[in-house]
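Written below as structure tokens is the structure these notes are about.
The values are calculated or read from the model by the stated rules, or taken from the named source; none is laboratory data. Small disclaimer: the values here were computed from a predicted structure and weren't measured. Counting neighbours? That spans all protein chains shown, and the Cβs are built from the backbone with ideal geometry, glycine included. Ligands, DNA and RNA are stripped out before the accessible areas are found, and what is left, the full protein with its side chains, is counted by its heavy atoms. Shrake-Rupley method; radii C 1.70, N 1.55, O 1.52, S 1.80 Å.
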Amino acid sequence: MPILENERSPAFIFWSVLESWGMPAFYTVFIALAVIPPLFYLRQPLVHDEMTYLVIGREIASGGTLYAGIADHKTPAVYYLTALLWETVPEPYLAGRILIYAIHAVTALLVYRLGSLWGCPVAAVGSLAYLFGVYAPVFDGFNLMTEPFAALFLTAAVLWLFAERRVTDLLAGLSLAFGVLFNQTVLLFGLVIIGWSLARLYAAETDLPTIAVRYGRIGTTFLTPLGAVALFAASQGTLEETLWYTFLLPLNQYNPPYFLDGQLLSAASYLPVWLLAGGTALYVFRSIPSRSFDTRLAFLSLWLVIMSIPGLQAFHGGHRYIFAMPAAAVLAGVGLRRLFHFLADRPRPFSRLEWAGLAFAVAVSEAILTLVAANSGYQYLFLLEFGFALMVVGAIVLSYVMVRWAGSTGQLDTRQWVALVAGVFLVLSALGGTVAVDGVREIRLSGDHIETQSASTEELNEVVDGRFYSLGPPTRYELAYFGEARPARTFITPPYGEPLADRVVTDLERDEVPYVLVRRQQVVDGHIDPTHGYYPDAREPVVMYIETNYEPVAEHNGYVVYERVPDRRD
């Protein structure tokens, strides 16, 4: 029975509206999501990651050598991209953000194409869900980041892999290579491809010789650009440094902190998509023993699980979840379609277990809000509680209006009413909750922040008139972006481990770097506290060197400025 023929299901209202509106309505919503958020986000303050990329790009454009003159731990494409922006446009940060917004739109169109393998409604839901995700404040998709480029190339590669032609295999390998050149985490995607190959062998859809031939084609175009970059690095005399900073360092020394409240916010901000996508993936994995499963859905399920690992293991997740968003968005569309089938085909009252599960879900939602509020300060708890209650009431009212409008009020049982209200509540909570909570903590929608950063830099530039090193976190490089001062020849972000600490100390000593900037809260009783911030063990030798060879000379805008005093004796 088709999904929409059973009028006992209230869920069919959403699906029928989606199908009846057709493509014009989809394009309207798509354009709104692709254009309106960038108008709010375009002039938000520069953040740590994009400042790092922009500052390194500026050094390259000025003749510096990547990984030798200045270094960070990402693969080189983003730095050369920002160097190109410095060479070609007057406002590199604005151009970089506009480029990211265009990348999001193109990726969303590719997600639509991917979702269309399961029907146009799935494609529409997936495409819009992707755009909503990247512009939710907690995921940082409005800044110049490497993950959006990776998501673009991953989605293109998957479409080419699914086409299963010789030329598309070659294009898939090339796309994956470009993804790695923007972010080495894309290498993890190899596990997805291997898992998919094993699933297809298990389902008897292919054979080992065919897989070997395809791997050969993909590997050829994958390794060729990487080999060309290695040759270029060798010609610059920086091959060893390039490999160390981009692969060995992140693999062996990168051990960032973990913020539970941020992870909860990342979960709550995309909750309807995570739930639908996770449920679909679970259904696919449970179907594998019977061999009656869609191997393409198995691919997306592996993509969701494996590429979510970077987000789950560090910091607040944030932009690291963008690696998995294309898969999550399409799986959510498939899951929504399956949910509508379920509600249409099996109407019955709630069981005691289902009522208990519903109560548990409400309690978990309340706990998440309370934990986030507790970390942000209990002054926000009342606002969160009020918002939670308001969204529940709003979901009930909106559900009733929708069903009344459809003329189905007398045809719904308790179970279907609860399902509809829960679905509307999830959407409202994702839209309202993430904007409210993350907005209070981080985002202030105003147009004067860049000007504020620039003015602050002009004042700081009167004190710092040469090369400087900024002891993170957070490492802030407004001075290097807006001012005349330049970062020292060293690793641009906080030292992760002993080898990096040794390199920072060596660079500070060799180049006699004149200034070090330290965040004010890291200075306690006139001394730098190495335990205040990330990686205290690695920071200690850097702090000892700074306190031995520098002394504080000024304080400005949250920084203590240390100036080098070569003859200082403690």
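Rounded if a/c is under 1.5, else prolate if a/b is larger than b/c, else oblate: which is the range 89-243, with a ≥ b ≥ c the root eigenvalues of its Cα gyration tensor?
oblate
Using a Förster distance of 45 angstrom, determine the FRET efficiency expected from the C-beta separation of E205 and E451, and round it to 0.05.
Calculated value: 0.20.
Roughly how many percent of the accessible protein surface of the range 160-314 is carbon and sulfur, given a 1.4 Å probe and a whole-percent answer?
The value for the range 160-314 is 69 percent carbon and sulfur by accessible area.
Between F232 and E164, what is the spin-label point distance in nm, taking each point 7 Å from the Cα along the Cα→C-beta axis?
Computed distance between label sites F232 and E164 equals 3.6 nm.
Please identify every one of the trypsin sites (Lys or Arg not before Pro) in the range 511-570 that sits in a loop by DSSP and has no more than 12 other beta carbons within 10 Å of its own beta carbon.
Answer in residue order: R568, R569.
With unit charges on the beta carbons (Lys and Arg positive, Asp and Glu negative) and the dipole taken about the Cα centre of the range 464-564, which residue among H527, P552, V504 sits farthest to the positive side?
Of H527, P552, V504, it is V504.
Only residues of the range 482-508 count here: report those whose backbone N is under 12 Å from the spot 7 Å along Cα→Cβ of L248, or say none.
499-500
Probe radius 1.4 Å, ligands and nucleic acids ignored: give me the carbon and sulfur share of the accessible area of the range 26-127 as a rounded percent.
Values: 2590 of 3580 Å².
Of all accessible area on the range 26-127, carbon and sulfur atoms account for 73 percent.
Report, in cubic angstrom per residue, the convex hull volume of the C-alpha atoms of the range 464-564.
Hull volume normalised by residue count: 84 Å³.
Distance from the Cα centre of the range 64-129 to that of the range 184-205, in angstrom?
About 25 Å separates the Cα centre of the range 64-129 from the one of the range 184-205.
Could you state the accessible area per residue of the range 255-339 in Å², with a 1.4 Å probe and every protein chain left in place?
For the range 255-339, the solvent-accessible area averages 36 Å² per residue.
Sort W274, W118 by accessible area with a 1.4 Å probe, largest first.
Numbers: W274 50, W118 25 Å².
Solvent-accessible surface, decreasing: W274, W118.
Pulled fully out, how much extra length does the chain show between V553 and L39, if you take 0.36 nm times their separation in residues and subtract their Cα-Cα distance?
Taking V553 through L39 to full extension adds about 181.0 nm, to one decimal.
In nanometres, what is the gap between the two model label sites at A32 and Q521, each 7 Å from Cα along Cα-to-Cβ?
Label-label distance for A32 and Q521, simple model: 3.8 nm.
Counting only other residues whose beta carbon sits under 12 Å from that of G466, what net charge do I get with K and R as +1, D and E as -1? Mind showing how you got there, number by number?
Details: positive: R467, R486, R564; negative: D465, E484, D511, E512, E563.
Around G466, the charge tally is -2.
Using only alpha carbon pairs under 8 Å that are at least six residues apart, calculate the relative contact order of the range 498-547 and give it in whole percent.
That works out to 44 percent.
Return P(r) of the range 5-349 (all Cα-Cα pairs; 10 Å bins starting at 0; whole %; ordered from short to long distances).
The calculated distribution, bin by bin, is 5, 23, 32, 25, 11, 3, 1, 0.
Express in nm, to one decimal, how much length is gained between H532 and D502 on full extension, taking 0.36 nm for each residue of separation and deducting their alpha carbon distance. Could you put the intermediate results ahead of the total?
Working: separation 30, 0.36 × 30 = 10.80 nm, distance 1.93 nm.
Length gained between H532 and D502: 8.9 nm.
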